[in-house]
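Everything on this sheet refers to the single structure shown next.
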Amino acid sequence: MAQTSPVPQGQAAAAPPRPSAPDGARGVPEVSVLVPIYNVERYLERCLSSLAGQTFADFEAICVNDGSTDASRAIVQRFLDADARFRVIDKPNSGYGASMNRGLDAARGRYVAILESDDFLEPGALELLHAEAERTGADVVKADFYLFWSRPSERRERFGIVDDREASRVLAPLDDLAVFFRKPSIWSALYRHEFLERSGVRFLETPGASYQDCGFSFKVWASARSVAFLSEPVLNYRQDNEQSSVNSAGKAFCICDEYALMEEFARGRGGAEGAELLRILARMRLDSYLWNLDRLAPELRGPFAERAAGEFRRIRSEGFVDPALFEPAAAAELDALVADPAAYCRLRYAARPGALGTLARYLRMGGAPLVARIAWFRLFGRSVRRIDGRGAAA
């Protein structure tokens, strides 16, 4: 599939980069790109090639090999042998969060980027992100991305993570709360390294790869005082490698661990800002928990719903359920979940899929008055969250 470089209009693309001199001769790189790797031999060549071919040459690629047992390590070695900008950290398998923290510890650049090993960059991605970071002095530069499918034939579509209110502007997330509710997409951004260290932004080191991007994203938005937004897509986010439903009881509750850490981070702020973050987190939590509930094997839904209901009872008693953030449909979902988790699960999964099934469920939850409130809000209301059903901007 042909790719287009998102180099700003009127600016000539840089010449293709040549391998840099060994570390001791070339000094500190401008950007550190973290690439977590675990058994991705099918996609890794394209991922690393997209990095090697960037129009912006002053970077180091830190490949963190999390104990891969396939050919991934051999693929990494080919890039190590050909390009001095590539480094590798080999470690026993301990999960995504541990790999990312090892990468953060090793990063030397002024800026940090993240590239998942099954995705690939647009050719001018780092050039565009770096230029905007330098122009604005922002803590973070956040750009759009493409959804990418390779089967049955290659195709992609723009996701739309940035809306018109944000595009080409510098904002503080706490002044525009919508950014908190968009799909966590930590890999279509550039982070000022000093900002991450000063703010204590790290990953939760739970086993496997389970929602750690949620916590990282929340802590970034909670801490950043300036974020530059770009509507240009910089990355292709692969959709062919989606995980199946969750059948492990241990994995079922990983999202709760992530939100507990996010809550601890918010409480650590204290004062009005900490309270605001806890209100935001309550609404985020409902979206994430319902999404997780739908992915669980049927036998795990009941226990998870019970735990979720208990957490929301506590959050509600503490006064952190903000009506301004809970649209009528979300408020009804929360009320039903808290009142009777088992009944809520029966109702949610007895309804047939689609709009008619959802309508029937809302009628059973709150009758015609609830349906009328939801309809009115969808026609005339405006959500602070400004997102669609995928987590894109709306």
inquiry  = Could you go through region 178-197 and let me know if any residue there is surrounded by fewer than 22 Cβ atoms within 10 Å (Cβ to Cβ), part of a loop (DSSP other than H, G, I, E, B) and more than 13 Å from the chain's Cα centre (by Cα).
reply    = no
query = Which of the residues belonging to region 346-381 are open to solvent by less than 80 Å² (accessible area, probe 1.4 Å) and outside any helix (DSSP H, G or I)?
reply = A351, G354, G381
ask   = Limited to region 44-57, what total is found for residues that are out of contact with any helix residue (DSSP H, G or I) (no Cβ under 7 Å at 6 or more places or on another chain) and either surrounded by 19 or more Cβ atoms within 10 Å (Cβ to Cβ) or of a type in the set (A, V, I, L, M, F, W, C) (or both)?
value = 4
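Give D322, D240 a once-over and let me know the one that is touching a residue at least 12 places away in the same chain (Cβ under 8 Å), closer than 27 Å to R352 by Cα and in a loop (DSSP other than H, G, I, E, B).
Working: D322 fails: closer than 27 Å to R352 by Cα.
Just a single option satisfies the conditions, and that option is D240.
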inquiry  = Let me spell it out: the conditions are (1) buried (at least 22 other Cβ atoms within 10 Å of the Cβ); (2) small (G, A, S); (3) at pLDDT 95 or above, and S210 meets all of them except one. Which number is the exception?
reply    = (3)
request  = Give the residue, chosen from A343, A309, A330, that is of a type outside the set (F, W, Y), in a helix (DSSP H, G or I) and under 22 Å from the mean Cα position of the chain (by Cα).
outcome  = A330
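Taking the condition of being over 19 Å from V338 (Cα atoms) and either in a helix (DSSP H, G or I) or open to solvent by less than 40 Å² (accessible area, probe 1.4 Å) (or both), how many residues in region 264-281 meet it? Write out each step before concluding.
Keep residues of region 264-281 that are over 19 Å from V338 (Cα atoms), which gives 264-277.
With the extra rule that they be either in a helix (DSSP H, G or I) or open to solvent by less than 40 Å² (accessible area, probe 1.4 Å) (or both), the set shrinks to 264-267, 270-277.
Qualifying residue count for the region: 12.
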task = Evaluate region 132-147: report whether one residue or more is of a type in the set (G, A, S), modelled with pLDDT of 95 or more and open to solvent by 10 Å² or more (accessible area, probe 1.4 Å).
result = yes
Residue list for region 45-75, restricted to those being part of a helix (DSSP H, G or I), within 20 Å of V112 (Cα to Cα) and hydrophobic (A, V, I, L, M, F, W, C) = C47, L48, L51, A52
ask   = When you scan region 148-165, how many residues do you find that are surrounded by 14 or more Cβ atoms within 10 Å (Cβ to Cβ) and under 12 Å from E232 (Cα atoms)?
value = 5
task = Report yes if some residue within region 326-341 is within 20 Å of G274 (Cβ to Cβ) and β-branched (V, I, T); otherwise report no.
result = no
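Yes or no, residue by residue, for (1) surrounded by fewer than 20 Cβ atoms within 10 Å (Cβ to Cβ); (2) in contact (Cβ under 8 Å) with a residue 60 or more places away in the chain; (3) in contact with a Cys (Cβ under 7 Å, 6 or more places away or on another chain); (4) not in a helix (DSSP H, G or I):
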{"site": "G250", "(1), (2), (3), (4)": "yes, no, no, no"}
{"site": "R283", "(1), (2), (3), (4)": "no, yes, no, no"}
{"site": "L286", "(1), (2), (3), (4)": "no, no, no, no"}
{"site": "L290", "(1), (2), (3), (4)": "yes, no, no, no"}
task = Might you let me know whether region 296-306 holds any residue that is at pLDDT 95 or above, open to solvent by 10 Å² or more (accessible area, probe 1.4 Å) and in contact with a Gly (Cβ under 9 Å, 6 or more places away or on another chain)?
result = no
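Scan region 107-126 residue by residue and report those that are open to solvent by 20 Å² or more (accessible area, probe 1.4 Å) and over 20 Å from the mean Cα position of the chain (by Cα).
We begin by selecting, within region 107-126, every residue open to solvent by 20 Å² or more (accessible area, probe 1.4 Å); these are 108, 110, 116, 118, 123.
Selection gives R108, R110, P123.
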task = From A355, A350, A368, A330, grab the single residue that is of a type in the set (G, A, S) and under 29 Å from I186 (Cα atoms).
result = A330
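The values are calculated or read from the model by the stated rules, or taken from the named source; none is laboratory data. Every value quoted in this text rests on a predicted model; they were computed, and no experiment measured them. Ideal geometry is used to build each Cβ from the backbone, glycine not excepted, and the neighbour counts take in all protein chains shown. These accessible areas exclude ligands, DNA and RNA; they are computed on the full protein's heavy atoms, side chains included. Shrake-Rupley method; radii C 1.70, N 1.55, O 1.52, S 1.80 Å.
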